[in-house]
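The values are calculated or read from the model by the stated rules, or taken from the named source; none is laboratory data. What you see is a predicted model, and the numbers here were worked out from it, not measured in a lab. Cβ sites come from the backbone with ideal geometry, for glycine too, and all protein chains shown count toward neighbours. SASA here: full protein model, heavy atoms, side chains in, ligands and nucleic acids out. Shrake-Rupley method; radii C 1.70, N 1.55, O 1.52, S 1.80 Å.
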Amino acid sequence: MASIPCMFQISFTSKPRSSLPSLPKLSSRFLGSQNSLSWIKPSRIGPSNGSRTKCWFKFGKNGVDAEGAGIYGSQGRDDFDRDDVEQYFNYMGMLAVEGTYDKMEALLNQNIHPVDILLMLAASEGDKPKIEELLRAGAKYDVKDADGRTALDRANEEIKDFILNFSVQKA
């Protein structure tokens with residue numbers, strides 16, 4: 001289990017400090033029912049009386065586990081959508097290379113599930129962590145685009161072997 005120590009104390013005072021200038025009296029109903037404002041003593045973060053507080057955060061089933069917490073790798077096939085395709089397209093710099101969203105839009109308009117489109121893009125980029133995440137989510141590497149190309153067709157030999165080996169291990 002991971003622990004993140006956190007200590008804090010916040011103290012406020014309603015008395016103005018003598019060394020600070022006084023503020024004018026305000027009687028506007030817009031500002032509330034206060035007739036005067038006073039300075040607030042800056043809060044101190046950290047222990048003041050030697051006491052400590054420990055905060056325990058438990059993610060996932062057995063401690064720090066991004067997959068178990070639903071952060072990474074726990075998504076299913078239908079948890080991916082068009083926005084994920086666009087975000088990946090931008091993140092990987094494909095827009096900068098392509099110059100337009102035409103390639104992405106063409107794939108999205110072909111009635112191909114977004115997770116399969118993401119696999120095609122990740123395979124063409126050689127992005128092993130993303131490929132693994134997508135295959136775990138149920139992406140299919142044999143889905144064809146309008147040109148009849150699959151994720152395997154878009155990948156280099158190393159990535160093809162990675163996809164096929166991962167799929168065999170998963171089955």
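Counting only helices (runs of 4 or more DSSP H) wholly contained in region 90-171, the ones carrying 2 or more residues that are open to solvent by less than 80 Å² (accessible area, probe 1.4 Å) and of a type in the set (Gly, Ala, Ser) occupy 114-125.
Residue pairs whose Cβ atoms lie under 7 Å apart, separated by 6 or more positions or on different chains, with the first residue in region 138-150 and within 11 Å of residue 112 (Cα to Cα) and the second polar (S, T, N, Q), are 143/150; 144/150; 145/110; 146/110.
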